[in-house]
Structures are given as structure tokens and as C-alpha cells.
Amino acid sequence: MSGLTVSGIVKAFDGAPVLRGASLSVREGSFAAVLGPSGCGKTTLLRIVAGFERADAGSVSLGGREVTALPPEKRRVGIVPQEAALFPHLSVARNVGFGLPRGGSRAEWSSRVEECLELVGLAGYGSRMPHELSGGQQQRVALARALAPRPGVVLLDEPFNALDRSLRGVVRDEVRSAVKRAGATCVLVTHDQEEALSMADVVAVMRDGLIVQSDTPAEVYASPVDLGVATFVGEAVVLDAISSGGVASCALGRLRQRSNGVAGAGFVALRPEQVTLTAGSALPADGAGNGQAGSPASAAPRGRVARVEFFGHDAAVTVTMDDGVVIRARTRGVAVHQVGDMVEVGVDGPVLFFPAAG
């Protein structure tokens with residue numbers, strides 16, 4: 001198994017640029033997710049890594065060996081497509097063993113096929129036909145087929161899109177566990193933030209043909225490099241603000257910001273789980289516990305609950321402030337606020353500030 005390095009990939013179709021110098025580094029044995037909206041170039045990048053497309057410029061290396069000019073069959077890359085694409089006339093075992101090199105013994109072939117089926121939790125399924133399997137099982141067979149030749153890297157091209165939402169989470173967990181057990185280097189292409197954050201060791205956010213941030217899921221979520229990443233990766237409340245001396249003034253008052261080095265006009269971004277809602281006059285007298293800088297409780301911004309969405313583990317509460325600004329908060333457990341309630345709005349912890357010029 002080996003790591004992957006993609007450097008300065010440029011690609012255009014009919015003169016229209018798709019990739020504008022995309023670069024990505026994935027450590028050996030790690031699971032990376034390339035996350036971006038439709039049309040950002042992520043599938044084209046994956047196809048170039050696989051060798052299905054030729055880059056106009058840039059390079060692709062596997063395990064320190066440049067493979068940019070090699071055809072797909074010479075790259076030792078496995079790919080799991082959006083739909084399993086199993087051969088319907090072949091058994092599960094023959095599907096898994098389809099890409100294994102010829103010349104070995106039948107016993108070696110069977111041993112490797114069964115080993116891969118066991119990796120994906122389908123031991124004993126070799127004699128079944130694809131139509132006898134569920135959608136999730138078919139995707140796991142496709143993964144076993146990709147792992148069978150011991151590729152340098154496994155590429156997953158939005159492989160869970162065709163699955164029912166109730167099944168998607170289970171199959172994601174099974175696929176990640178199988179990849180980790182195999183020790184494979186893996187790259188997942190997806191537009192689903194939850195999928196990327198929950199599965200990957202590293203999330204590479206792609207926009208307009210470039211990787212704009214690549215880091216751990218926690219770091220990408222907590223410290224996005226710009227407002228575009230902040231609003232794309234998870235929910236964000238964005239407000240006009242003026243920053244001075246490490247404090248951002250906005251519709252929610254004067255809020256502490258994470259970095260004191262940025263000042264001027266711009267935008268505050270905070271996560272809905274940072275927004276606190278307090279009914280009546282129950283807000284602490286000293287305003288402690290929130291991100292407000294020196295604002296007494298009596299000056300706390302107020303608004304009216306416009307909508308409550310209950311999800312079981314939490315609730316999303318939409319509040320329309322007195323000045324018309326709309327705020328979205330996440331509250332744990334059963335929603336304690338009802339539509340029409342007046343609430344005071346605070347902020348827990350420092351916020352992100354992005355200058356308008358950025």
C-alpha cells in the first residue's frame with residue numbers, strides 16, 4: 001500500500017477550465033475525503049488519479065513513483081463507482097476475483113477472494129449472484145473487488161448515493177472499517193459534508209477546481225480558512241460585522257473573535273450550536289458564559305422564535321431578531337422553546353471573523 005500525491009493538476013474540457021492547479025497529499029494508510037459541490041472538479045480529479053483522464057498539466061505519484069503518464073492498468077489503483085456496477089452474470093466470487101492477475105493457482109485465487117469477502121463482512125457469500133444481494137451488500141462486493149489486487153490506492157466515487165438514507169450510515173461504517181482493516185490508502189469523493197466529516201482522517205475541501213483547505217475534520221469545521229468553507233462545511237450563522245481589538249460588533253452585540261490580528265469591516269461566522277437562547281429574564285446578570293465582550297444582560301439582543309424543527313437528538317430553532325436579522329440555533333434534546341416565544345440571544349465562545357475583502 002502507498003500514499004498519494006497530486007501536484008498542480010490542470011484540466012480543461014473544450015477550453016473550459018475544470019481543474020486550476022489542484023494539489024492533494026494523502027498519507028499511506030489514511031482515509032481522505034475530497035468534499036465539494038457538484039461541478040467543482042472533484043470527479044475529474046479522481047478520474048485523473050485513476051488514469052481515465054489525462055491532465056493538461058501537473059503530476060500524480062503513488063508511493064513516491066510518478067504515474068502521470070501510465071495507463072490505468074499500470075497504476076495499481078482500485079475504484080468503487082457510484083453504483084456497484086457488478087457483472088450480473090457472474091457470481092460474487094467471480095466478481096471479486098475479476099481483477100486478480102492471471103497465472104496463480106486456483107487455490108490462491110479462491111483464498112484471496114474469500115479473504116476480501118471476509119474483510120467487507122460477506123464471508124460465505126461467494127456463490128451468490130448480484131441480484132440476490134441488497135444495495136449495501138453490492139457496494140461492499142464492489143469494494144472487495146477493488147481491494148482484491150492489493151492496489152496502491154482505492155478511490156470511492158460517491159458510492160453511497162444510490163442507497164436509502166436509512167442504509168447509508170450503516171454501509172459507510174462498514175466500508176470505512178473494511179478499508180482500515182485492509183490498511184489501504186483511500187480517497188472518497190463526495191458532496192455530503194456529514195459523510196466526509198464522519199468517515200475521513202483528512203478532509204480536502206474543493207472549490208472551483210482547487211483544493212482550498214486540507215486538514216482533519218475537526219480543524220476544517222472549527223477553523224475554516226475562509227467564509228466559503230465556513231458556510232459549506234456544516235451550518236453557519238453569518239452576520240455583517242466590524243472588528244477592532246479582537247472584538248467583532250454585529251447584530252448579536254460585541255463578540256470575542258478567535259484571532260486578534262484581523263480588523264475592519266467583514267463578517268462574523270458562528271455555528272448554530274454556539275447560539276444560546278434564554279427565555280424571559282433568566283439570563284445571568286453578568287452575561288458570563290457567552291462570547292459577548294462586556295455586554296450586560298440587560299443589553300442582550302432579543303428575538304421571537306419563528307420555527308422549531310425537532311430531530312430527536314437536538315432541535316433547530318429559528319429566531320427573528322427585533323431588527324429583522326434571522327438566527328438559527330441548535331439546542332440539545334427536547335425543544336424547550338415554542339413558536340412565538342420571546343428569547344434573549346447569546347453566543348457561547350469566540351467567533352470567526354472574515355474580512356470583507358477576503
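Read-outs throughout are calculated quantities, based only on the coordinates presented, and are distinct from any laboratory measurement. In this text the structure is predicted, and so the values were computed from the model without any measurement. Cβ atoms come from the backbone with ideal geometry, glycine included; neighbour counts cover every protein chain shown.
A cut-off under 14 angstrom between Cβ atoms defines the neighbours of ASP208, and their net charge, with Lys, Arg +1 and Asp, Glu -1, is +3. Taking θ as phi - 60° and the Karplus parameters 6.51, -1.76 and 1.60, the scalar couplings of region 13-19 work out to 10, 6, x, 8, x, 10, 10 Hz in sequence order, x denoting glycine and proline. For LYS74, a cut-off of 22 angstrom between C-alpha atoms picks up these lysines, skipping any fewer than 8 places away in its own chain: LYS11. Rounded to the nearest 0.05, the FRET efficiency derived from the C-beta distance between ALA16 and GLU83 at R0 = 35 Å is 0.85. Comparing mean-square fluctuations of PHE310, PHE232, PHE98 from a GNM of the chain with C-alpha springs under 10 Å, the top value falls on PHE310.
The calculated FRET efficiency for ARG102 paired with SER166, based on their beta-carbon distance and R0 = 45 Å, is about 0.65.
For region 242-251, what does the Karplus curve 6.51 cos²θ - 1.76 cosθ + 1.60, with θ = phi - 60°, yield as ³J(HN,Hα) per residue in whole Hz, taken in order and with x for Gly and Pro? Ordered by residue, 3J(HN,Hα) equals 10, 10, 7, x, x, 10, 9, 9, 8, 4 Hz. Note on the chain: GNM, Cα springs under 10 Å; of ALA33, ALA316, ALA146, the largest mean-square fluctuation is that of ALA316.
The charge dipole of the chain, taken about its Cα centre with unit charges on the Cβ of Lys, Arg, Asp and Glu (plus for the first two, minus for the last two), comes to roughly 980 debye.
For the peptides 85-95, 154-164, residues were scored by their other Cβ atoms within 10 Å and the scores averaged per peptide; the highest-first order is 154-164, 85-95. Assigning unit charges at the beta carbon (Lys, Arg +1; Asp, Glu -1) and nothing else, what dipole magnitude in debye, to the nearest 20, does region 44-144 show about its Cα centre? Rounded to the nearest 20 debye, it is 220 debye. Backbone amide hydrogens, once placed in the peptide plane, bring SER30 within less than 5 Å of CYS186, excluding anything fewer than 5 places away on its chain.
Extension gain for SER127-SER244 works out to 35.3 nm (0.36 nm per residue, less the C-alpha to C-alpha distance).
Neighbours of GLU53, meaning other residues whose beta-carbon lies under 9 angstrom from its beta-carbon, give a summed charge of +3 when Lys and Arg score +1 and Asp and Glu score -1.
Matching the structure-derived Cα Rg over 2.2 N^0.38 Å against the labelled list (i) 1.01; (ii) 1.05; (iii) 1.20 gives the label (iii). Net charge of the neighbourhood of ALA222, taken over other residues with C-beta under 10 Å away and scored Lys/Arg +1, Asp/Glu -1, is 0. All Cα-Cα distances of region 138-282, cut into 10 Å bins from zero to the largest, leave 10, 31, 27, 16, 12, 4, 0 percent in each bin in turn.
Taking amide H as placed 1.01 Å from N in the peptide plane, the amide H of ASP341 sits under 5 Å from that of VAL305, each at least 5 places away or on another chain. In this structure, GLU194 and VAL262 have a Cβ-Cβ separation that, at R0 = 35 Å, corresponds to a calculated FRET efficiency of about 0.75. Per-peptide packing, taken as the mean over residues of other Cβ atoms within 10 Å, places 9-20, 241-252 in the sequence 241-252, 9-20 from highest down. Taking a straight line from the alpha carbon of LYS42, these aspartates and glutamates sit under 19 Å away, with near neighbours fewer than eight places off in the same chain left out: ASP14, GLU53, ASP56, GLU83, ASP157, GLU158, ASP192, GLU194, GLU195, ASP201, ASP208, ASP215. Residues within the reach of a label modelled at GLU28 (point 7 angstrom out along Cα to beta-carbon, backbone nitrogen below 13 Å), restricted to region 43-70, are 62-65. When you restrict to C-alpha pairs under 8 Å that are six or more residues apart and normalise by the size of the chain, the relative contact order lands at 16 percent.
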